[in-house]
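Enquirer: Can you read through this structure? Questions will come right after.
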Amino acid sequence: MTKLKSLAALLVLGGAAVLTTPAMAVNYVIYVHGRSAPATNCGINTSDNNGNFNSSDSYGSANRSRAVTAGSWRSLFINYDGNSDPRTYGTCRAQTYIQSALNTYCKNGNQCVFLCHSAGCMAMDYAFEQGNASGATGLLYVVNAASASGGSALASAGAWATGTGMDNALKISTARSWNHNNNPVTEYMTAGYACYGATACSASVVIGGSDDSAVNFASTCGFSSNGNMTKCVDPNNAKYKSRSTYCNSKGAKPCNTSNSAYNTDHTGMKCVGRDAFDRLTGNL
Amino acid sequence: MEKKKLYIVGGIVGVLVVAIGAVLMSGRVTNRAGRAAVAFEEERNRSSSNQEYTSPDENGVAKKVQSAEVATPEIMMLQFQMQYRYPLDSRPLTRTMTDLTEPFKIQPARHPIYAHNPPGEGEKPLLYYSWSGPSHVVTANSPAVAFLEVFDLDGNVVKPRVISADVYSDFTFGRKLAGQATSEAAGDGKTKISWTPRDGERLHWGEIELRVLFDTPNVKNNLVVADFSSTPTAPALFTGDYYDHLENGSLVIDASIDVKKAGKYVFDANVFDQSGEPYGRVHLVTYLERGQQKLPLQFFGIIFHDREFNQGKLVLKNLRGRRMNLPFDPRKLDGMLARGEVIPTNTEPLDEWIPLPSPDYVTGRSYDVDEFSKKEYEGLDKAERLKQVQQYARDWDKQNGQS
């Protein structure tokens, strides 16, 4: 009797186990910040986005991704020295952590999305140019918030005058001197066109075309040459490979369909990127 | 006895449950398994069969991707199809890709000059300036040349009087004064600034700044900067020997190279027809040991069909390459990262450019489009990627209650 009981229980349990659908892949959203102060907490942080990640772009609990809140995605934060050249390796350098993240979280059944802001997007494009995403078949796409991959006129003009490796890399001629067409996935581009405050707006006069007070549309929209673009969707100007302008009808700052961009400044674009990711994943 | 019957019934039910589950989890696709899974099964069958050639609708796909706010499995499949029609390192090239067809050109662009840096609110510029030039890459046999133009606020050309033209070293060397450039009038109101790096001079290596101080009749002491990527000592040399042939329906042009310094190299090259129409591009990242060797530049076959090539000789242009100056052996990087080892930090210029080859190479014979394969790319990475996209579809369907 006992044996029969055990056998029956085993069979029922076995059936239940088979009927259970296969475990979902683990999904990671990996944040890559831009130009900022030197980091004090270098590495790939796995916090739940409830705090300030020192030099990492702080999203804070108020700006937490809905996809992460829903539990279907896990967030990771790449913290590197925001004064350093984003094309470099080493301790507290962007390329070290990006490659480590691609190797660890974008392979072997895992799926990942990179959410980059500003110079963090340059770091991503450089990693692609260097072939560092080879084998990262779990990389789904990249969400670019105010990408500075094409450089900034402020860096070219020496407006920041800090003399850092980051500012050197952000000079337009330097930024566009390597091949930006090696991304293995679509890069969704989001661009801002507001300036907040006298200082930011005076910076805008140095930058050609529409801009977010730090970077112009030529870079943030993914165009393949520098110029004075005023619309993110512009058939007269070519874009780098697989750059898709992302116009989100939802979120805190909906897209302005007249120029396919967002009425916010460079800092505000971080949350636009977060909303874009949430919408793309069906969580907004 | 009743209990015994109950257990037997329970066991039979369990067996039935297992059997039903096995059927559902088999390759059979039901409505509840999700629409995306159906599409992916079809894609797997399509790409593995010998289907008729169909030209890509890249613009149509790009528009669909752009207009979709949600990355549904269908959108992910479209992106997959677009990306993996060709290998990731061998892609079509079109006329609009001027960043690739003229990779080194210093594109002219007007920039304002203000009295203050940064300018005050509402401050108007004093002048505009523009740089142009054939190449921002400088090697020992190819000096830095840049043309400076200056304009007044009405757009009229203003002739500058150059006070100084100083060369400053790469940022990693502390932006030291590294030399002087020469200046001369070049016609049309342009001023030609020239500088040649000295072989073996460390301060002439890297991202160099050319700082030009000039006066105009109305505005004094204007400072403008042009940037160059300079490599005075070549890490490798293209020998000028090439060999073109077909391999599995793709055009391969072997470029001979003499490597002086082993390391990680990044190469790019384009292929055009003799009328100047672009067809394809190659991006190659590879580790090279010292010595003479051949660099295989593969232009994937179907590209020539998609770009509507007909027949004729093909021209290899814009061949360029650089050695990555890394403070570690790049072949060991993945292992170092996996073991959590400290990665050494870059403290020197990143790039060492190979002198650009000249002239362009014309294939030894004419090719006909029918010699190139019409098959889409079928590499292992594509199969892996398809599996991942299928997983994405399953997860999506589950998340949205469709499985």
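Enquirer: From the residues in region A:62-84 that are within 17 Å of the chain's Cα centre (by Cα) and part of a loop (DSSP other than H, G, I, E, B), which one is surrounded by the most Cβ atoms within 10 Å (Cβ to Cβ)? Walk me through how you get there before you give the answer.
Expert: Within region A:62-84, the first condition is being within 17 Å of the chain's Cα centre (by Cα), and the residues that meet it are A:63-68, A:73-82.
With part of a loop (DSSP other than H, G, I, E, B) added as a condition, the list becomes A:64-65, A:73, A:80-82.
Numbers: A:Arg64: 16, A:Ser65: 22, A:Trp73: 22, A:Tyr80: 29, A:Asp81: 24, A:Gly82: 24.
Across region A:62-84, the extreme among qualifying residues is A:Tyr80.
Enquirer: Ok, one more. From the list B:Val167, B:Val162, pick out the single residue that is more than 15 Å from B:Ser230 (Cα to Cα), surrounded by 17 or more Cβ atoms within 10 Å (Cβ to Cβ) and modelled with pLDDT of 95 or more. Full working, then the answer.
Expert: Numbers: B:Val167 fails: more than 15 Å from B:Ser230 (Cα to Cα).
Exactly one of B:Val167, B:Val162 is more than 15 Å from B:Ser230 (Cα to Cα), surrounded by 17 or more Cβ atoms within 10 Å (Cβ to Cβ) and modelled with pLDDT of 95 or more, namely B:Val162.
Enquirer: Which ones in region A:205-219 are under 18 Å from the mean Cα position of the chain (by Cα) and either within 11 Å of chain B (Cβ to nearest Cβ) or within 24 Å of B:Pro92 (Cα to Cα) (or both)? So that I can check it myself, show each step before the final result.
Expert: Of the residues in region A:205-219, the ones under 18 Å from the mean Cα position of the chain (by Cα) are A:212, A:214-219.
Selection gives A:Ala218, A:Ser219.
Enquirer: Going residue by residue through region A:174-182, is there one that turns out to be at the interface with another protein chain (Cβ under 9 Å from one of its Cβ atoms), assigned to a helix (DSSP H, G or I) and under 20 Å from A:Thr88 (Cα atoms)? Spell out how you get there, then give the answer.
Expert: Taking region A:174-182 first, the residues at the interface with another protein chain (Cβ under 9 Å from one of its Cβ atoms) are A:174, A:176-182.
Within this subset, residues satisfying the condition of being assigned to a helix (DSSP H, G or I) are A:174.
From what's left, under 20 Å from A:Thr88 (Cα atoms): A:174.
Yes, region A:174-182 contains a residue that is at the interface with another protein chain (Cβ under 9 Å from one of its Cβ atoms), assigned to a helix (DSSP H, G or I) and under 20 Å from A:Thr88 (Cα atoms).
Enquirer: For B:Leu100, which of the numbered conditions (1) without any contact (Cβ under 8 Å) to a residue 40 or more places away in the chain; (2) within 8 Å of chain A (Cβ to nearest Cβ); (3) among the aliphatic types (A, V, I, L, M) fails to hold?
Expert: (1)
Enquirer: Identify all residues within region B:149-192 that are within 14 Å of another protein chain (Cβ to nearest Cβ), touching a residue at least 60 places away in the same chain (Cβ under 8 Å) and touching a Ser or Thr at 6+ places or on another chain (Cβ under 7 Å); write none if there are none.
Expert: Within region B:149-192, just B:Thr172 meets the criteria.
Enquirer: Give the number of residues within region B:161-186 that are charged (D, E, K, R) and under 18 Å from B:Gly206 (Cα atoms). Reasoning before the result, please.
Expert: Filtering region B:161-186 down to residues charged (D, E, K, R) leaves B:161, B:166, B:170, B:175-176, B:184.
With under 18 Å from B:Gly206 (Cα atoms) added as a condition, the list becomes B:166, B:170, B:175-176.
The number of residues fulfilling the criteria is 4.
Enquirer: Of the residues in region A:254-280, how many are charged (D, E, K, R) and in contact (Cβ under 8 Å) with a residue 40 or more places away in the chain?
Expert: Step one: of region A:254-280, the residues charged (D, E, K, R) are A:265, A:270, A:274-275, A:278-279.
Now drop any that are not in contact (Cβ under 8 Å) with a residue 40 or more places away in the chain, which leaves A:265, A:270, A:274, A:278.
Total meeting the criteria: 4.
Enquirer: Here is a further query. Return the residue satisfying two criteria in turn: it lies in region A:243-270 and is crowded, with 23+ Cβ neighbours inside 10 Å and aliphatic (A, V, I, L, M), and of such residues it is nearest to the other protein chains (Cβ to nearest Cβ).
Expert: Restricting to residues being crowded, with 23+ Cβ neighbours inside 10 Å and aliphatic (A, V, I, L, M), the top hit is A:Ala261.
Enquirer: How about region B:70-109: which of its residues are among the acidic types (Asp, Glu) and either over 27 Å from B:Trp396 (Cβ atoms) or crowded, with 18+ Cβ neighbours inside 10 Å (or both)?
Expert: Taking region B:70-109 and keeping what is among the acidic types (Asp, Glu), we get B:74, B:89, B:99, B:102.
Across region B:70-109, the qualifying residues are B:Asp89, B:Asp99, B:Glu102.
Enquirer: May I ask you to list the residues in region B:198-219 that are assigned to a loop (DSSP other than H, G, I, E, B) and touching a Phe, Trp or Tyr at 6+ places or on another chain (Cβ under 9 Å)? Talk me through it step by step, then tell me what you get.
Expert: Pass one, region B:198-219, residues assigned to a loop (DSSP other than H, G, I, E, B): B:198-201, B:205, B:216-219.
If the condition is that a residue be assigned to a loop (DSSP other than H, G, I, E, B) and touching a Phe, Trp or Tyr at 6+ places or on another chain (Cβ under 9 Å), then B:Trp205 is the only one that fits.
Enquirer: Only one of A:Met166, A:Met122 is more than 29 Å from A:Leu284 (Cα to Cα), more than 9 Å from chain B (Cβ to nearest Cβ) and either at pLDDT 90 or above or not in a helix (DSSP H, G or I) (or both). Can you tell me which? Steps first, answer last, please.
Expert: Details: A:Met122 fails: more than 29 Å from A:Leu284 (Cα to Cα).
Result of the check over A:Met166, A:Met122: A:Met166.
Enquirer: Another question about this same structure. Going by the conditions given, is A:Gln111 at the interface with chain B (Cβ under 9 Å from one of its Cβ atoms) and buried (at least 22 other Cβ atoms within 10 Å of the Cβ)? Don't jump to the end; show me each part of the working.
Expert: Numbers: at the interface with chain B (Cβ under 9 Å from one of its Cβ atoms): yes; buried (at least 22 other Cβ atoms within 10 Å of the Cβ): yes.
Yes, satisfied.
Enquirer: Continuing with the same structure: Pairs, please: C-beta under 8 Å, at least 6 apart or cross-chain, first residue on the phi > 0 side of the Ramachandran plot and in region B:292-316, second among the hydroxyl-bearing types (Ser, Thr, Tyr)?
Expert: B:Gly312/B:Ser366; B:Gly312/B:Tyr367
Enquirer: Now a separate question. Is it the case that region A:42-54 has a residue that's of a type outside the set (Gly, Ala, Ser), more than 17 Å from the chain's Cα centre (by Cα) and modelled with pLDDT of 70 or more?
Expert: yes
Enquirer: So, B:Lys317, is that one basic (Lys, Arg) and surrounded by 15 or more Cβ atoms within 10 Å (Cβ to Cβ) or not? Spell out the reasoning first.
Expert: Values: basic (Lys, Arg): yes; surrounded by 15 or more Cβ atoms within 10 Å (Cβ to Cβ): yes.
For B:Lys317, the condition - basic (Lys, Arg) and surrounded by 15 or more Cβ atoms within 10 Å (Cβ to Cβ) - is met.
Enquirer: Here's a check for you: in region B:63-97, which residue that is more than 10 Å from every other protein chain (Cβ to nearest Cβ) and part of a loop (DSSP other than H, G, I, E, B) is farthest from the chain's Cα centre (by Cα)?
Expert: Among them, the one singled out is B:Arg85.
Enquirer: Only one residue in B:Asn45, B:Asn59 is part of a helix (DSSP H, G or I), under 21 Å from the mean Cα position of the chain (by Cα) and modelled with pLDDT under 90, so which one is that?
Expert: Numbers: B:Asn45 fails: under 21 Å from the mean Cα position of the chain (by Cα).
That would be B:Asn59, the only listed residue that is part of a helix (DSSP H, G or I), under 21 Å from the mean Cα position of the chain (by Cα) and modelled with pLDDT under 90.
The values are calculated or read from the model by the stated rules, or taken from the named source; none is laboratory data. Just so it is clear, the structure is predicted and the values come from calculations on it, not from any experiment. Don't worry about glycine lacking a Cβ; one is built from the backbone with ideal geometry, like all the others, and counts go over all protein chains shown.
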